[in-house]
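To start, the structure itself, in structure tokens.
A short reminder: the numbers here are calculations on the coordinates, not readings from a lab. These numbers come from a predicted model, not from an experiment. Here the Cβ positions follow ideal geometry from the backbone for every residue, glycine too, while neighbour counts run over all protein chains shown.
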């Protein structure tokens, strides 16, 4: 069971990954923005095949279904950190940093910039909430009421398998 779960999710692995682990977002909007060409471009620059770890263990390049950044695509993740608005020039810089073995913490911050593209702040997004007010309200209701609300909501996880969040939460109790 553990192996099948690890093989299903794109963020769990059964084999070692590279020091720099890059996952290109592979949803429809990223594809429309040219992610496949960029994926092949970076693989060529770093001499690694898609889905493989380079023989020296430096880099692994693959895909994931979504990074949540389709409004700023093509996008990717490197060791879990978001890279947006990718193009050949940005990928050249990334390839140079990887080949030079520059630690991720020393990469230029602008590579990781994510912009807020909210254009409207009205009923839902325009209200001010006191810090911690949602947490206080939830804690006031108590664990049984929270679990009941989770079951009624039908909320599902974002991992792609569609598991109900309530079932996950209840199993952790």
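For the chain, the longest principal axis of the alpha carbon atoms and the long axis of helix 35-46 meet at an angle near 50°. Between the alpha-carbon centres of region 8-39 and region 75-112 there is a gap of 14 Å. Taking every DSSP helix (H) stretch of at least 4 residues in the chain, weighting each as -39,500 (n - 2.57) and dividing the sum by the residue count yields a mean residue ellipticity at 222 nm of -10500 deg cm²/dmol. Taking packing as the residue-averaged number of other Cβ atoms within 10 angstrom, the listed peptides 164-170, 19-25, 142-148 run from highest to lowest as 19-25, 164-170, 142-148.
Geometric descriptor of the chain, per residue, is 172 Å³ (volume of the convex hull of the Cα atoms).
How would you rank 100-106, 58-64, 151-157, highest first, on the average number of other Cβ atoms within 10 Å across their residues? Numbers along the way, then the final one.
Values: 100-106: 9.7, 58-64: 20.6, 151-157: 12.0.
Most protected by this proxy first, the peptides run 58-64, 151-157, 100-106.
Using only the alpha-carbon atoms, how far is helix 143-153 inclined from the longest principal axis of the chain? Give it as 0 to 90 degrees, nearest 10. Taking Cα atoms only, the helix is inclined about 70 degrees.
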